[in-house]
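Presented below is the structure to which this report refers.
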Amino acid sequence: MLTVTQLARKYDISRTTILYYEREGLLMPHTRSENSYRWYGQTEIKRLEAIMAYRAFGIPVSNIAPLLNREDDREQERIL
């Protein structure tokens, strides 16, 4: 499990970016500790990697949620 800051450092993005993705409903923490720290697990890390890939291809944040929440089995590479 990683905190917001640890996750940001691991992927060389800002903490603010991760919090922005949370506000947009794209990336929610797995859990919150008693002191309100956000903790991210493997599922959330994979989701962040997908978000970053879509953003790298220029897909606007507002268009990413449907891609992440799709129910079919299309691979990300085929979608892009």
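The values are calculated or read from the model by the stated rules, or taken from the named source; none is laboratory data. Remember, predicted model here, so these are calculated numbers, not experimental data. Glycine gets a Cβ as well: all are built from the backbone with ideal geometry, and neighbour counts include every protein chain shown. When the accessible area is computed, the model is the full protein with side chains, heavy atoms only, and any ligands, DNA or RNA have been set aside. Shrake-Rupley method; radii C 1.70, N 1.55, O 1.52, S 1.80 Å.
Split the accessible area of the chain by element, probe 1.4 Å, and carbon with sulfur accounts for 46%.
Under DSSP H, which helices of the chain have Cα atoms covering 27 Å or more of the helix axis and a Kyte-Doolittle average no less than 0.5? Once both thresholds are applied, nothing remains.
The label point for R55 and the one for N69, both projected 7 Å from the Cα toward the Cβ, are 1.9 nm apart. Electrostatic bookkeeping for H30 treats Lys and Arg as +1 and Asp and Glu as -1; over the other residues with beta carbon under 10 Å from its beta carbon, the sum is +1. Were the residues from I13 through S62 laid out at 0.36 nm apart, the gain over their Cα-Cα distance would be 15.8 nm. Taking 0.692 mPa s as the viscosity and 37 °C as the temperature, the Stokes-Einstein diffusion coefficient of the chain based on its alpha-carbon Kirkwood radius rounds to 250 µm²/s.
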